[in-house]
Every structure is written in structure tokens, then in C-alpha cells.
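The values are calculated or read from the model by the stated rules, or taken from the named source; none is laboratory data. Being a predicted model, the structure only gives us computed values, none of them experimental. Here Cβ is always computed from backbone atoms with ideal geometry, including for glycine, and neighbour counts include all displayed protein chains. Just the protein is used for accessible areas: all its heavy atoms, side chains included, with ligands, DNA and RNA removed. Shrake-Rupley method; radii C 1.70, N 1.55, O 1.52, S 1.80 Å.
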Amino acid sequence: MNERRMKWMLWIVVLALGLTACEKKPDAATGAGGETIVRIGSVSPLTGPQAHLGKDNANGARLAIDEINAAGVTLGGKKFKFELLAEDDQADPRTATVVAQKMVDQHVAGVLGHLNSGTSIPASKIYADAGIPQISPSATAIAYTAQGFKTAYRVMTNDLQQGKVLGEYAVMKLGAKRIAIIDDRTAYGQGLADEVEKAAKAAGGEIVAREFTTDRSTDFLAILTSIKAKNPDVVFYGGMDAQGAPMVRQLHSLGLKAKFLGGDGVQTTEFLKLAGADAEGVTGSSPGLPIDIMPGGKEFREKFTAKYGAIQNYAPYAYDAARAMVEAMKLADSVDPKQYLAQLPRVQFTGVTGQIGFDEKGDIRGGAITLYRVRNGKWEVLETVRGEAPPAM
Amino acid sequence: MDILTQQLINGLVLGSIYALVALGYTMVYGILELINFAHGEVTMFGAMICLAVIGALAGNGTGLDGGVIVLLGLLAAIAVCMAMGFLIERIAYRPLRRAPRLAALITAIGVSIVLQNLAMLIWGKQYVTFPPLLPLVRYELGGAIITNLQIFIMVLSCLLMAGLLVLVKHTRLGRAMRATAQAQDIAGLMGINTHTIISVTFVIGAALAAVAGVMVSAYYGLAHYYMGFMLGLKAFTAAVLGGIGNIAGAMLGGLLLGVIESLGAGYIGALTGGFLGSHYQDVFAFFVLILVLIARPSGLLGERVVERA
């Protein structure tokens, strides 16, 4: 290699380094009114069978961003305008990591998402490595915030909190002294059942049986028979409706008098269809609140439906997630992820869905659970339970 | 003690359903030495067709009694499944009569996949529910509870199995079936139309499968396009346990498998001190199968009875 070529090579290397250095600077695009544009990502399935839920989440976030922009944001003496970058992860874990990397490459200031636990968890590593805060509106799996990432937050009640409420409810409200627990050995069913067991024991209940099945079984007579011998007051099932429904039927056919209790896998309309008359009196729980019970629910519904049509499910949570992110930016007086990430634990405000504040893991404090009971073939709201109250600030 | 009785009842009901399906496997194997893997799917079709008929009749205000509607559904399921059994043999297996046995086996797997996907196209991936047309009555029996449906399942299975035994042992058709099973070519030379006999065997097996399918869906309250796979696998296991090709063996194997599963699920946790949970009930059943096959490679009743059908 001669000297001249070496020089050229050196120039190219220097140029490339310079370019990457430029790229690392925060986006400095300017809006029409002289404001600096800041991008916030929203990731949810926008295509496929969950598309209606995904669009709902994106619209919830968009509504919040539009309102915040309309009110005007001035941080560190500079005017800012937020822009929502909504991407599709198809509810697929692999696509989720690709989209997450795209978000990082686009230098978003933060990510609202993902919708599913299965996508939020793999994506969270990518955001954590890039130091970008992530607030999921709807992921409930315990693992999401249990990985120890400082960037992973959520505004939805997790399965641990749900299990705790269910366990305490069984002992205190249903008056159960003897509790039998069945789970389907999936990450969801087992995780929920373990928490119910812990909470029920702590509340003074006795676990008289712990049985297992699979998420494909239809015959539970054998395990229900051995449970019957232990004479429980309540039978809890951690699993889905397709097993829960035949289980409650078989429970009745064996003449078991125990009350049947399930989590959000059981609290579905499909369960009502499958269990028929046997569904009557079954108690089920679901994380979060029904829109009518949310503190800002009515107002939110009016605003949302005027712009985007009917609310599907998690839009109010996406709205609160967006507000929580901007709230942290205000506390830090900066849109720089490094600066405002440290302020996220201090966020405290009354959102649409309730009081928003995070614990040290990034989970919502005092996350709400709604308990339902089947009456006349419909899930009726029984009561809403909140976890530990947010600390006074 | 009442717990043991209850587990035995659970197991016998489940086992009598397994036995009905296992008969279809064993009869076809006895005659053709073919494992008809599509048999589980025929069971599923039986359940689905019965539910389709029930759905059409129950919601229309025909004023028919619940029992009559279920009976009509059952008859429709039997009729359609018999036609299916005939067509499967005619279209998929007869052209391969002289082909290597592996070709027929792979065809059987293919037919199974085709039928499963056909059911998925017709009825979707959703669970279909069995409407509560039959009033459930519970009886006390030595501290255990037995429902009218469980009694009905066991009695009907026993009658069908007894009927089949009489048919095979004491009628001209049965003698022709046994002859075909022993030596197809010789039976042909003796004036037996072996093609017809083989068709009849498939049709009888399919009819029993249809009854079993309706029983399963009524018992558990639901049906699903995928239900035939596991049921077929269990019934096939039952047939092997009893000695495949042997009719009495299939009945014994079915009942035994049901009882083993039930007792396994009920007591495995206590037996292993909580090391293995009740979700290992299938493992327990297959473990027993392996033990039996080590001791008696041809199954419990295999070889003892010379004649097959």
C-alpha cells in the first residue's frame, strides 16, 4: 500500500468517525413555531389479530401528546414539540426487538410500549442498553420489571399484585380457611398461582391442596376428586378460560361446594360461553379498572371517542404512560433520557386511571385490580381493590 | 375410601370412551395391519357433527325435548362418520392395498392432517360448547358421586362392546371378518368379498368412534378441532396395552388406561412426596405402558387369542 492511499484511508476513517459523532447528538430538528422537535415512540401490534388493541394504545398516547403540545412545553428555557412515532411489533417477540432497535436508531426520547408482556420483555433489554426509558401501558408479566433494568416502567398492575389481591380476597372476603390451588404450569398460570398461595398464607389461610394440569387438558376429575377429599372452601385456578370452564363444570358435577376463583385468564366472555350455567357465582379478577370507575374515565372517553371512536381497552393507560414520561421530563427540566430517567421514580400525579407513581422496580404503586362475579350470565363488577397506597409526597 | 371409589368411577368412564375408540384401531389393525391414524379425527368429526345438529335444532324453537335433540345429533354423527369411514378406506387405503405397509401408514397420517384442517375450516379454531340439554342428576354411591351421564356412557359402551363381540364371534359377517384377518387371499378364494369386509370393518369402527366423540363432548361440555389428536393417541395406547389386533384386548386396555390415568393423577403427588405433580398423569400412563410392553411385548391379551378381527 503506498503512502497516498494510506492518506485517503485515514481521511475516510476520520470522516466516518465525525459522522457518527454528529449522529449521536440529540435530534435538533426545528418545528414551524421555532420549537425543537422531540420524538417519543409508541410500539404495539398495529396489524394482525390484536391490531384493534394496538391502535387503541397508539391513539391513547397520541391524545396525550397532542394535549401536551397544545398546552406548550418549555424545558431548560427552550420550547419543545413532541412527535409520536408509532410502530408495529405485530405482537411478535422477534419483530419487537427489531422495532426496538429502530426506535433506538431514531433517537427517540422514550418509548411507550409494548402492548404485550411477550414483546415488552425482549425489547426492554435493547432500551436498557441504549438508556432509553420505556413505559408499558399494558404488560402484566412479573418478569418485565424483575430483570433489574433501570429503564423499564409500567402503569398497569402486574400479575404479582393481582395474585396478592386474589389471595387476600379469598381469605378475607370469601372467608376461606382452606384453599386449593390448581395451575396449568405455564409462566402465567404458575406465576399467578404462586402469588395467590403466598398472599393467602400471609392472610391466615391454609393451602390444603396444590394440584397441576396443562394448558391443553379437558379432564380434571381426578385432581378435583383428590381436592374434594381435602374439603376446601375455595378453589383457585391459575390458567386460561378453555381449562377453567370445563373445570368449574366438573367441580359442580362432583358435588364440590367450594367457590371457584380465577385470574384474568378466566375473567373472559369466552369463559361465560364455555361454562354456561356453571359459570354462575364464579369470581374472576382483571388488572386495571373498568373505564366507568376510573377517576378521569368519563372525561377521557368523551375526548377519545370524539377523535378516534370507541375505546378498546388500554388507551387510558397509554395516555397516562405518555403523561408520566413528560412529567419526568418536566421534573428534570430536560428531554434528555439520561437526565429525566433519574426523575421517573419521583413522578406523581393523578392520571385518568388513578394515582400514577412508581416503586423502586418500576411497577405502578397501588395498582388497581377489579374483581368480577358472574351473575345472570354476565361478569358484574364486584369491587375494585388497590394495592399499597402511593406515599404522600 | 370414597375417594378411591370416586377415582375408579372417573377412570372407568374415561376408560370406556378410550375403549370404544381403541376398538376402531384394533379392528383395522387386525385385518390390514395398518395403524389408521385418521381414526382420532373421525371421533372429532362425530363430536362436531352432533354439535352442529344440536345447534341447528336447539336454537330454532322446534319444541323438541333435549334428549330427542341429542339423540338426533348422535344418529346424524353416526351416519356421517360411517360414510367417512367408508370413503377414507375407499379413497386413501384401497389403492395402496398391495403397496408397502409404510406407504399406507404415511397416507393415514396425511388423512389425519387433512381431516383436522377440514374441521378447522368448517368450525373454526374456537371451542364449541355442548349446550346443557340433558339435566344432570347426581347419585350417591358408597360416598362417591356418579352422574346420570356417567352411568349412560358406561352402559352404552358396554352394550356396544358386547354387541361387537357377538357380531364378530357369532355371525356370518363376523366369521368372514375373522377369516379375512387370518389370511386375506385364502378368504378371497373361499368366496368372501374381502374388499366389502374391509369396508364394513372401517364403517363399524367409525360408528363406534362417532359415539365416543359425542360422549366426550357431552361429558366435558366442549369440542375442538384438535381434540381428536390426543384422544386418538390415548386410544391407540390403550389398543397397544391390551394387545393390538385383539378386540377384547382393546376393551381391557381402554378401561385399564382410564383407571391408571385417574389413579395416577389422583395419587402421584402423594406417592412421590410432591416431587411429581398431577400434570404428570400422562407420563404415568405411558410409564405403565412401557412396563407392560417390557414384560409382554405383544400387549396384555396379545398372542393368547389366536383369532383376530
Condition check: closer than 30 Å to B:Ser262 by Cα, without any contact (Cβ under 8 Å) to a residue 12 or more places away in the chain and hydrophobic (A, V, I, L, M, F, W, C). Does A:Ala229 satisfy that? yes
Going by what's in this entry, would A:Lys173 be described as over 23 Å from the mean Cα position of the chain (by Cα), under 21 Å from B:Ala144 (Cα atoms) and modelled with pLDDT under 95? no
A:Lys273 - would you say it is charged (D, E, K, R), within 14 Å of another protein chain (Cβ to nearest Cβ) and either in a strand (DSSP E or B) or over 28 Å from B:Glu140 (Cβ atoms) (or both)? yes
Here are some residues: A:Ala141, A:Ala152. Which one is crowded, with 24+ Cβ neighbours inside 10 Å and outside the structural domain of A:Gly204 (by TED's automatic domain parsing)? A:Ala152
Just one of (1) farther than 18 Å from B:His279 by Cα; (2) at pLDDT below 95; (3) within 28 Å of the chain's Cα centre (by Cα) trips up A:Thr214, so point out which. (1)
Mind counting the residues in the range B:36-79 that are surrounded by fewer than 19 Cβ atoms within 10 Å (Cβ to Cβ) and not in a helix (DSSP H, G or I)? 7
Among (1) at pLDDT 95 or above; (2) over 19 Å from B:Met82 (Cβ atoms), where does B:Met215 come up short? (2)
Residues in the range B:250-280 that are of a type in the set (Val, Ile, Thr) and away from chain A (no Cβ under 12 Å) total 1
Could you tell me whether the range B:112-133 includes any residue that is open to solvent by less than 40 Å² (accessible area, probe 1.4 Å), within 14 Å of another protein chain (Cβ to nearest Cβ) and in contact with a Lys or Arg (Cβ under 9 Å, 6 or more places away or on another chain)? yes
Name the helices (runs of 4 or more DSSP H) wholly inside the range B:167-285 in which the number of residues that are within 23 Å of B:Gly46 (Cβ to Cβ), of a type outside the set (D, E, K, R) and under 15 Å from the mean Cα position of the chain (by Cα) is 1 or more. B:194-220, B:227-242, B:247-271
Within the range A:340-384, which residues are part of a helix (DSSP H, G or I) and either exposed (fewer than 14 other Cβ atoms within 10 Å of the Cβ) or in contact with a Leu (Cβ under 8 Å, 6 or more places away or on another chain) (or both)? A:Tyr340, A:Arg346
Six or more apart or on different chains, Cβ atoms under 7 Å: show the pairs whose first residue is in the range B:185-214 and farther than 22 Å from B:Ser112 by Cβ and whose second is open to solvent by 70 Å² or more (accessible area, probe 1.4 Å) and part of a helix (DSSP H, G or I). none
Taking the conditions exactly as written (farther than 25 Å from B:Met84 by Cα, open to solvent by 40 Å² or more (accessible area, probe 1.4 Å) and either within 14 Å of another protein chain (Cβ to nearest Cβ) or among the hydrophobic types (A, V, I, L, M, F, W, C) (or both)), does B:Met230 satisfy them or not? no
Which of the helices (runs of 4 or more DSSP H) contained wholly in the range A:171-268 include at least 2 residues that are open to solvent by less than 10 Å² (accessible area, probe 1.4 Å) and away from every other protein chain (no Cβ under 14 Å)? A:187-202
Would you confirm whether or not the range A:289-297 contains a residue that is free of Cβ contacts under 8 Å to residues at least 60 places away in the same chain, assigned by TED's automatic domain parsing to the domain that holds A:His52, in a helix (DSSP H, G or I) and open to solvent by less than 10 Å² (accessible area, probe 1.4 Å)? yes
For the range B:281-299 the number of residues that are within 14 Å of chain A (Cβ to nearest Cβ) and open to solvent by 20 Å² or more (accessible area, probe 1.4 Å) is 4
When B:Leu141 is run through (1) in contact (Cβ under 8 Å) with a residue 60 or more places away in the chain; (2) within 27 Å of B:Tyr225 (Cβ to Cβ); (3) open to solvent by 20 Å² or more (accessible area, probe 1.4 Å); (4) within 14 Å of another protein chain (Cβ to nearest Cβ), the failure sits at (2)
Meets criteria (assigned by TED's automatic domain parsing to the domain that holds A:Arg62, among the charged types (D, E, K, R) and crowded, with 23+ Cβ neighbours inside 10 Å) for A:Asp89: yes
How many residues are in contact with a Pro (Cβ under 6 Å, 6 or more places away or on another chain) and small (Gly, Ala, Ser) when one looks only at the range A:97-108? 0
Which residue pairs have Cβ atoms closer than 9 Å, lie 6 or more positions apart in sequence or on different chains, and pair a first residue in the range B:284-308 that is of a type in the set (D, E, K, R) with a second residue that is open to solvent by 80 Å² or more (accessible area, probe 1.4 Å) and modelled with pLDDT under 85? B:Arg296/B:Glu303
Yes/no for B:Leu149 being within 20 Å of A:Pro246 (Cβ to Cβ) and either of a type outside the set (Lys, Arg) or surrounded by fewer than 20 Cβ atoms within 10 Å (Cβ to Cβ) (or both): yes
